[in-house]
Amino acid sequence: MGFLAESLRASASLITTLDPDLLSAVWVSLYVSFWSTILASAIGIPLGLGLGLSDFSLKRPAITALNSLTAVPTVLIGLLVYGFISRQGPLGGFGLLFTPEAIILGDAILAAPIVANFTLAAVRGADPAIVPTALTLGATRAQSTVALVSEIRFGVVAAVISGFGRVVSEVGVAMMLGGNIRGFTRTMTTAIALETSKGEFALGIALGLVLLSVAFAVNVILHLLQQK
């Protein structure tokens, strides 16, 4: 207990004094999580809307496949993306490996199915008469889709927040594609894993507390949106 108490005191000191290593890891985590969520939303929201509004013979298998993608291990996504962006891969010429952009790409692939599933659920929960009514009143297909999105906007925002919550706390993709480079690609989760393995529990606990605060804030916002 004395060891844990001392580690907690040291971690509190790191947070209050704004330790540079801690700030760097927090900044990288928030940076890659923000842009990967933007990219995942650009893919997942149209995909969820398309599945929810369309009617085709393979719709049920497509939804099943989309649900299955939400359970893909992060290390598997990291492995696949690594194969594409490594020097021997088809995208090796871009020099993406071990950069924040590599983490953003991998995290976007990780979060896109989650955003799509939440968007699809929002579409299914909406009044089915919205789009037909808009079309009857003379709206185009695009205008009727905009009207639907306006009605389910809280569900769409919840989808985006869920995607952010997923990527900010993952470690597999960040470790494999970012390389855990200090001050460059080291995120909160990879720093926690490294510092703990080195026996530096104070910094690991400090980062864990910050990560827990971010996750708590995300879940509070998501809960409020779900109530709306």
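A few notes on this one:
- Comparison of 203, 207, 194 shows that the only residue that is closer than 17 Å to residue 25 by Cα, of a type outside the set (Ser, Thr, Tyr) and surrounded by fewer than 19 Cβ atoms within 10 Å (Cβ to Cβ) is 194.
- Identification of helices (runs of 4 or more DSSP H) wholly contained in the range 170-228 with 3 or more residues that are without any contact (Cβ under 8 Å) to a residue 24 or more places away in the chain yields 188-198, 201-227.
- For the range 76-85, the count of residues that are more than 25 Å from residue 164 (Cβ to Cβ) and not in a loop (DSSP other than H, G, I, E, B) is nonzero.
- The residue list 38, 15, 43 contains one member that is of a type outside the set (Gly, Ala, Ser), part of a helix (DSSP H, G or I) and more than 30 Å from residue 143 (Cα to Cα), which is 15.
- Of everything listed in (1) of a type in the set (Val, Ile, Thr); (2) crowded, with 20+ Cβ neighbours inside 10 Å; (3) closer than 27 Å to residue 171 by Cα, the single unmet condition for residue 64 is (2).
- Number of positions in the range 56-75 that are assigned to a helix (DSSP H, G or I) and touching a residue at least 40 places away in the same chain (Cβ under 8 Å): 6
- Candidate set from the range 115-141 (those that are of a type in the set (Gly, Ala, Ser) and more than 13 Å from residue 63 (Cα to Cα)); member that is modelled with the highest pLDDT: 122
- Residue 144 vs. criteria closer than 30 Å to residue 83 by Cβ and either free of Cβ contacts under 8 Å to residues at least 40 places away in the same chain or of a type in the set (S, T, N, Q) (or both): no
- Among (1) surrounded by 12 or more Cβ atoms within 10 Å (Cβ to Cβ); (2) within 22 Å of residue 35 (Cα to Cα), the one test that residue 73 misses: (1)
- With respect to (1) in contact with a Leu (Cβ under 8 Å, 6 or more places away or on another chain); (2) in contact (Cβ under 8 Å) with a residue 60 or more places away in the chain; (3) surrounded by 16 or more Cβ atoms within 10 Å (Cβ to Cβ), the lone exception for residue 53 is condition (3).
- Filter result for the condition that a residue is at negative phi, β-branched (Val, Ile, Thr) and surrounded by fewer than 22 Cβ atoms within 10 Å (Cβ to Cβ), over 149, 123, 115: 149
- Some residue of the range 148-163 being of a type in the set (A, V, I, L, M), more than 14 Å from the chain's Cα centre (by Cα) and over 28 Å from residue 104 (Cα atoms): yes
- Qualifying residue in the range 172-187 (condition: farther than 24 Å from residue 73 by Cβ, surrounded by fewer than 22 Cβ atoms within 10 Å (Cβ to Cβ) and touching a Pro at 6+ places or on another chain (Cβ under 9 Å)): yes
- Verdict on residue 171 being of a type in the set (A, V, I, L, M), in contact with a helix residue (DSSP H, G or I) (Cβ under 9 Å, 6 or more places away or on another chain) and more than 18 Å from residue 21 (Cα to Cα): no
The values are calculated or read from the model by the stated rules, or taken from the named source; none is laboratory data. For clarity, every value in this text was computed on a predicted model and none was experimentally measured. Positions of Cβ are generated from backbone atoms using ideal geometry, with glycine treated the same way; all protein chains shown enter the neighbour counts.
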